[in-house]
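Chemist: Got a structure here, written out as structure tokens. Questions coming.
The values are calculated or read from the model by the stated rules, or taken from the named source; none is laboratory data. From a predicted model like this one, the values you see are computed outputs, not experimental measurements. In this analysis, Cβ positions are derived from the backbone assuming ideal geometry, glycine residues included, and neighbour counts consider all displayed protein chains. These accessible areas exclude ligands, DNA and RNA; they are computed on the full protein's heavy atoms, side chains included. Shrake-Rupley method; radii C 1.70, N 1.55, O 1.52, S 1.80 Å.
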Amino acid sequence: MKRMIFTMLAVVCAVITFAQDDNELKKRIGEIKKSGLYAYADATGNSKQEALDAAEEKLYANINALIAKSRKVDEQTKTNEVYNVEKIEIPRANMFRAFLYVKLSDIIAPSLTPVERILAFETFDEMKTQLADMKEQGLVISYGKYQELATPEEYMLIIFDAEGRVRAVLSEGKERTNMKTKAPDSISNYKGTGCVGVKVAPGLPL
């Protein structure tokens, strides 16, 4: 049975100033939520501290869930991580709103192999950002649209739908395997989707 990872969350907050217009801050919060690139938590309290404490507790739970999912943990694990959490505070009538967020790549990337990172992609935007980072880090040799690949059999394939949700990740080779289900699979099984090929750097743990 899978068990939750307990992460001692040390929050290093960069506070976004109240000088910004509340509507701008609300717009920023909406953009963060829709991007798919962040873990976040939103809470309201009677005081700033109450709102912040509630948001921290929610973020703590969200980060634990993300780590458990990405590592596919089978045994209880304890970690002590420090994340660069950013904070937005907004008055809400006679109460206070606290919104905390942290990049997904800061949470799961350090502990995963290149292939595990790719298998954790859930959205097109997340894939786009992380593949660029992975190429800079030397973890990925190249990536590009399926139609533009000279030798597509040398590339893993990331398949995504019109809403930008990752549908499948297929192995390299002419006879491909779905890397999540371990069953034989083919790009021809995914009509009306987009596809990006990724070549992982050789010699790295998969």
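Chemist: Out of all the residues in the range 153-165, which are outside any loop (DSSP other than H, G, I, E, B), touching a Phe, Trp or Tyr at 6+ places or on another chain (Cβ under 8 Å) and modelled with pLDDT of 95 or more?
Modeler: Going through the range 153-165, the residues outside any loop (DSSP other than H, G, I, E, B) turn out to be 153-154, 156-160, 165.
The next check asks that each one be touching a Phe, Trp or Tyr at 6+ places or on another chain (Cβ under 8 Å); those that pass are 157-160, 165.
Scanning the range 153-165 gives 157, 158, 159, 160.
Chemist: Identify the single condition in (1) under 19 Å from the mean Cα position of the chain (by Cα); (2) closer than 15 Å to residue 112 by Cβ; (3) touching a residue at least 24 places away in the same chain (Cβ under 8 Å) that residue 137 does not satisfy, given that it satisfies every other one.
Modeler: All conditions pass for residue 137, except number (3).
Chemist: Continuing with this model, one more query. Looking at the structure I just gave you, is residue 157 touching a helix residue (DSSP H, G or I) at 6+ places or on another chain (Cβ under 8 Å) and more than 30 Å from residue 60 (Cβ to Cβ)?
Modeler: Here the answer is yes, as residue 157 does meet what is asked.
Chemist: Turning to a different aspect of this structure: Which number in (1) in a helix (DSSP H, G or I); (2) open to solvent by 30 Å² or more (accessible area, probe 1.4 Å); (3) within 30 Å of residue 28 (Cβ to Cβ); (4) at pLDDT 90 or above marks the one condition that residue 143 misses?
Modeler: It is condition (1) that residue 143 fails.
Chemist: Considering only residues of the range 39-60 that are open to solvent by 50 Å² or more (accessible area, probe 1.4 Å) and closer than 29 Å to residue 130 by Cα, which is nearest to the chain's Cα centre (by Cα)?
Modeler: Looking at the filtered set, the residue picked out is 40.
Chemist: Right, another one. What are the residues in the range 19-42 that are touching a residue at least 60 places away in the same chain (Cβ under 8 Å) and assigned to a loop (DSSP other than H, G, I, E, B), if any?
Modeler: The answer is 36, 37.
Chemist: Does residue 128 count as basic (Lys, Arg) and modelled with pLDDT under 85?
Modeler: Criteria not met by residue 128.
This table checks each residue for (1) assigned to a helix (DSSP H, G or I); (2) modelled with pLDDT of 90 or more.
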{"site": "2", "(1), (2)": "no, no"}
{"site": "44", "(1), (2)": "no, yes"}
{"site": "54", "(1), (2)": "yes, yes"}
{"site": "66", "(1), (2)": "yes, no"}
{"site": "73", "(1), (2)": "no, no"}
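Chemist: Here's a follow-up. Only one of 6, 18 is over 22 Å from the mean Cα position of the chain (by Cα) and modelled with pLDDT under 90. Can you tell me which? Spell out the reasoning first.
Modeler: Working: 6 fails: over 22 Å from the mean Cα position of the chain (by Cα).
Of 6, 18, the one residue that is over 22 Å from the mean Cα position of the chain (by Cα) and modelled with pLDDT under 90 is 18.
Chemist: Among the residues of the range 150-203, write down those that are buried (at least 16 other Cβ atoms within 10 Å of the Cβ) and of a type in the set (Asp, Glu).
Modeler: 172, 185
Chemist: Here is a follow-up. Report yes if residue 126 is open to solvent by less than 40 Å² (accessible area, probe 1.4 Å) and acidic (Asp, Glu), otherwise no.
Modeler: yes
Chemist: Taking the options 133, 125, name whichever one is in contact with a Gly (Cβ under 7 Å, 6 or more places away or on another chain) and assigned to a helix (DSSP H, G or I).
Modeler: None of the others qualify; the one that does is 125.
Chemist: For residues that are in contact with a helix residue (DSSP H, G or I) (Cβ under 9 Å, 6 or more places away or on another chain) and charged (D, E, K, R), scanning just the range 104-121, find the one that is surrounded by the most Cβ atoms within 10 Å (Cβ to Cβ).
Modeler: So the first thing to find is which residues in the range 104-121 are in contact with a helix residue (DSSP H, G or I) (Cβ under 9 Å, 6 or more places away or on another chain), and the list is 104-105, 107-109, 111-112, 114, 116-121.
Then keep just the ones that are charged (D, E, K, R); that gives 116-117.
Working: 116: 16, 117: 23.
By that ranking, first place goes to 117.
Chemist: Name the residue that is least open to solvent (accessible area, probe 1.4 Å), counting only residues in the range 75-85 that are assigned to a strand (DSSP E or B) and either out of contact with any Lys or Arg (no Cβ under 9 Å at 6 or more places or on another chain) or at pLDDT 90 or above (or both).
Modeler: Looking at the filtered set, the residue picked out is 79.
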